[in-house]
Every structure is written in structure tokens, then in C-alpha cells.
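Nothing in this text is a laboratory measurement; each read-out follows from the coordinates by a stated rule. Computed from a predicted structure; not experimentally measured. Glycine also receives a Cβ, built like all others from the backbone with ideal geometry; neighbour counts cover every protein chain displayed.
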Amino acid sequence: MPTPPKSPTMNKTISIILALIIAAFAAEARVPSLNFRGTDSYNDFEFDKTTPVRFQNEAEGVGAQIFEFGVSADGSTLWRADLLSDADTLSVTIEPPCEDFAVEYSRQAVRIHASRGGSDIMSTMISEGISIDRHPNYLRITVYPDTILISAGNKELRHVGGIAARGFYPEALLSTDRKATLCRSLIGYEPLPDIYMSQYSNIDDIYRALADCNDPKAGIWEYFDDSIDTEFARRGGNYTIALLPDGNNGYTILYIEGATANAKAWHTGMIKGHLTPTNFVNNYNMQWIDSQGRALSDGLNATFDSDTSSSSDSGSNASHNSDYNSVGNTFLTLDFPYQRTRFRFTRPLTTF
């Protein structure tokens, strides 16, 4: 079974930064935006129904994969990408223009069809941003631990749909029912990132550190509510976090509990982010570590209600540490403007 020919100038192993939209705070990207390692190939490589093309990808110790193909074919040709693993076979097909659609809507369209183990799981008609002649169409399949995103188009990729993931795929197979030309292939992965532990390995260590702290913003904060644009982000858990002063008027954010996305990777005491003060009262620039361990910072910020500028008992350490609501109805708001997403935290009623 052939593999695409290699060109010394155009076929290169690279680290690719796909700088699109990153979803944050327990939120994963709805379109791909990761640091991938892999092979980006531009070749006019012809294949037909007797000679499918096979690709290899890294599937162990990865946080995400990408499979992207640019294929030129005539308007009556079907082509398909199969992602293969021991646990799953996922097929995504670009089918020829649908005549019934053309008659009813006075324009032609192609169908993007996905199946798993022979059972249909998604079917979508596309009539804009897609080619129906010999101009290349591109198909991108991005695999995350819990979601697979499918995008397609000729000049730009458009989000088509998402399906549940069943692990990662070490192999892909590109095939057609007639004859087609492979113009581009991008096969890559993102290594599974490190999620760093802090000096606090359990909740008791964190409580002891807070007991010695006079800062009214420091303490335990619980998820309260959110505003999420689900086109760009999703909530991966109802987090409980802790804020501890960093000694430079900022705060280290520690994870306590509540993760549902990549939950097995997260343990109490792991670093979830950092707040750096700005020139505005109760406003901070934020770095956030998302559920997959990626550090996000572009445009992120955090704000406190003004109640936290001083404690309700004029700085009494005892009152602050015995009752987290002693600072009033305070909210900590984490804002992710590029994802059109915002999360609010408040103090729990518990004591320690």
C-alpha cells in the first residue's frame, strides 16, 4: 500500500502552531488550536480505488491528534478518510454533489458523512465554501481525549460537527471510489503536557497555608455560575480552587476539586494558574492552565468585587479564616474574552 512521496523542500517535519481559538477554564477548543508536531506534505499524488494511501500518527502519550487532507477530484468522485485503532474505526466521507438538494434549493452541495464501525453517526450537507469540481477540498479531523471535531472547505475550513472520541488513532487510510489527487496531507499530534504540582500535595497543607494568611482575597473559591459561548468553549467541571499570595501582590491558583474533563490527571494542589496585578484595583492579568495542561494567557483577566479590598472585620485574620463569607457577597470573575466565556466563583459557607 503506497505512502505519499517525499519532497526535500516541501515535506517537512515541523512544530506547527495553529493559532486559532483556544477555549479555556475547563473548556476545550471547539476548533483546533494546539502546538502540533508532525508532517506537513504538499504533493500532487494520484491514487485510485485500488491504491488507498496509508498514514501513521503518534497515538501514545498524546493530548490531541490532527489528520488533514486536501484532495482534488471531479464532481462525481467520493473520497474518504478512515481513522484506525484497535478499539475503533472512524470513517469520514466527502460524497459527490447531491442532485436532490440541487433541485430543491437551486444550488449544488456535497455531503460530509461520518460513520463508526459501519454505523452512521453524522451527516451534513454543505453548499458554501466547498468545491464541486477539480479544485481541492480539505478535510480536517482533530481528535481530543473526549471529542472529535470535523472541519471541511476549499479555501477555508469550516466547522462541520463533533462526535464523541474513543481514544487516539495510530493509523489513517485515505481512499476513493474512482481517481483523485492528494494535494496536501497534515498528520500531527500534541504531546501530552505536564501538569505541575505545587508544594501543597493535599487539602490540609492548603488549609494550613491559608490559616497563616491575612490577605482577604486568599482562600477557597467555588464555582458559582458561567456564561459560555458553546461555539468556542465548554465547561469541563465545577471547579473549586484556592488562591495563595505569591509574594509579589499576585496570587497562585491551586486546583482543589471538581474536574470532569481529563479528571484523572488532576489532583488537589496542582497549579491551575496565576494572577498578576494591573494598574486597576481588584483587576488582574491571568494565566490559566486548561484541563489538558495548556497554559493560556492571551487577553485573560480576573476581577474581584470591591469587598475584597479589605476584610469585613478590618483585617482580622481569625474572622477571615473561620468564615469565608466574612468578606461579603464577593465574586471572583475569570474572563476569557476571545472565547466569549466568563466564569464566576464565590466563597463557600464551609469553615476550617
- prompt: Tell me, what HN-Hα J-couplings in whole Hz come from the Karplus equation 6.51 cos²θ - 1.76 cosθ + 1.60 at θ = phi - 60° for each residue of region 285-290, using x for Gly and Pro?
  reply: 6, 10, 10, 10, 9, 6
- line: For region 139-187, shape from the Cα gyration tensor axes a ≥ b ≥ c, cut at a/c of 1.5 then a/b versus b/c, turns out oblate
Likely footprinting exposure, Thr89, Thr252, fewest C-beta neighbours within 10 Å first: Thr89, Thr252
- prompt: Quick one: net charge of Ser91's neighbours, Cβ under 14 Å, K/R +1, D/E -1?
  reply: -2
query: Taking other Cβ within 10 Å of each residue's Cβ, how do Tyr223, Tyr239 sort, fewest first?
result: Tyr223, Tyr239
query: Among 276-286, 137-147, how do they line up from the highest to the lowest mean number of other beta-carbon atoms within 10 Å?
result: 137-147, 276-286
